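Just so it is clear, none of the values below were taken in a lab; they were calculated from the coordinates. As the structure is a computational prediction, the values presented were derived from the model and not from experiment. Neighbour counts are summed over all protein chains in view; Cβ atoms, including those assigned to glycine, are modelled from backbone coordinates with ideal geometry.
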Amino acid sequence: MKNKYSKLITPYTFKRSRVTIPSRTALSPMLSLYGENDGTVGETALNYFGKRSDCQGLLITGASYVSKYGFYNNELGLDDDRFIPGLSKLASVMKKHGNKAIVQLHHAGKQASGTAEKYGFVQVPSKIQEQKDGNIIDKVMTEDDIESLIKSFASATKRVIKAGFDGVEIHGANWYLLHEFFSPLYNHREDKWGGSLENRMRLPLAVVHAVIDAAKDKPDFVIGYRLTPEENMPSRMTGKLSNTMGYTLKDGLTLANRIADLGVDYIHYSLFSKYNAKPQGYEQSYGQILKNNIGDKATTIVSSGVHTADDALDALNHGDIIAIGRESLIEPDFIAKIKSGESNQIETEITQENAAKLALPPLLVDLLLQKDTPFLVEGRENLTVIRNKKIKVSNTDSDTTSGASK
């Protein structure tokens, strides 16, 4: 009997790199707090990704910093060769079941809390206010800083290749540094890196070009770009539209087209609502509008709000590949169960019975249990069973064992 979800589990080949993934689903890059304090890969990361190595066809790490001047705590580091051995272990764990592994390249910009704690400043396109959080200074990037940043993305790409990963995703969304340079809300520069739309696109495009050049000797290497469609989107916290207009949907589509023209494999839309969300005044969803604009120049990935196999199947009406985030925390065997005809057994909430089996990082558990957390995961209250008890969690996928709570 034909699997109802055959469209989901059919292999997909990227046009540029010709890399094939075994399903049209991706593990969405998330703030999962699995890195060690020094940015290295440890047992926490190996357990977390080992448990999810057969979760989706394309596995994307959370944000990983390309520069010591743009990190938040418990990210993985990419700015030094000393990280390569650990990254190699992680690549092997993630690819164990034949899925493809991608590292997300990131500079946190004004949100770089780790940099702020360590150095007392954060790098920004422009000085929006005199100080950030007391004595933490917003340090406007110089021309040399910007050129160094571009090189850091290229160097990080080369380290990712050496570690054995299948590709990188450039994080240009969610109000981190590349987004900030593109945004007229944050970029008030009067040089070639700011002002006009063309100038505000200059840094994102330069980074894409540098990453493509860094990978030129490895044609079978996936390169993607994550982009927030527009700045006047509903807040993930309140659901209300922003009162301040930043870059528009038209601006975002212009950047997406320019990035696609450079020769990336995919554009990944970062949405703060469901995958079928529509911009104000439009009949089509964000994902459908993106696809209609860039055509076959690049694959489109859309994320948000998928919890069941039927959700994922419907989401393919809005993107070529579906990125699944919170549900991948809850159900590490999401795509495996669909392939085996067990889609009706997909877990859609954390239970007291499955909580200890999910290999969730202790810091992520703490974050999910915070009363005012913005990261709402169904059944998160049941994580108290692993916070309140010392439980050893065995993870056969990565051949490691670690404590689920300290």
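Qualifying trypsin sites (Lys or Arg not before Pro) in the stretch 132-194, where qualification requires a DSSP coil assignment and no more than 14 other C-beta atoms within 10 Å, comprise K192. Lys/Arg Cβ at +1, Asp/Glu Cβ at -1, dipole of the chain taken about the Cα centre: which of I294, H107, A91 is farthest positive-ward? Going by the charge dipole, the pick is A91.
The charge dipole of the chain, taken about its Cα centre with unit charges on the Cβ of Lys, Arg, Asp and Glu (plus for the first two, minus for the last two), comes to roughly 620 debye. Computed from the C-beta positions of N344 and H209, the FRET efficiency with R₀ = 41 Å rounds to 0.30.
Compare H268, H97, H318 in a GNM of the chain, Cα atoms joined below 10 Å, and give the one with the largest fluctuation. Residue with maximal mean-square fluctuation among H268, H97, H318: H97. Computed from label points 7 Å out along Cα-Cβ, the spacing between D81 and T351 is 5.1 nm. Within the chain, the longest run free of exposed loop sites, counting GluC sites (Glu not before Pro) that sit outside DSSP helix and strand states (H, G, I, E, B) and have at most 16 other Cβ atoms within 10 Å, spans 37-129. Entry note, the chain: the mean residue ellipticity at 222 nm calculated from DSSP H runs of n ≥ 4, each adding -39500 (n - 2.57), is -9000 deg cm²/dmol after division by the residues and rounding to the nearest 500. Extension gain for Q370-K216 works out to 51.0 nm (0.36 nm per residue, less the C-alpha to C-alpha distance).
Think of the chain as having a plus end and a minus end, set by charges on the Cβ of Lys, Arg, Asp and Glu; of A256, H209, V385, V385 sits farthest toward the positive end of this dipole. Across the stretch 6-359, the relative contact order, built from alpha-carbon pairs under 8 Å that are at least six residues apart, equals 17 percent.
Beta bridges per DSSP, both residues in the chain: antiparallel share near 20 percent. In whole percents, the pair-distance distribution calculated for the stretch 6-359 from its alpha-carbon pairs, binned every 10 Å from zero, is 6, 26, 36, 25, 7, 1.
In terms of distances greater than 31 angstrom between alpha carbons, the cross-link table entries K15/K192; K15/K96; K96/K250; K274/K357; K7/K218; K339/K371 yield K15/K192; K96/K250; K339/K371.
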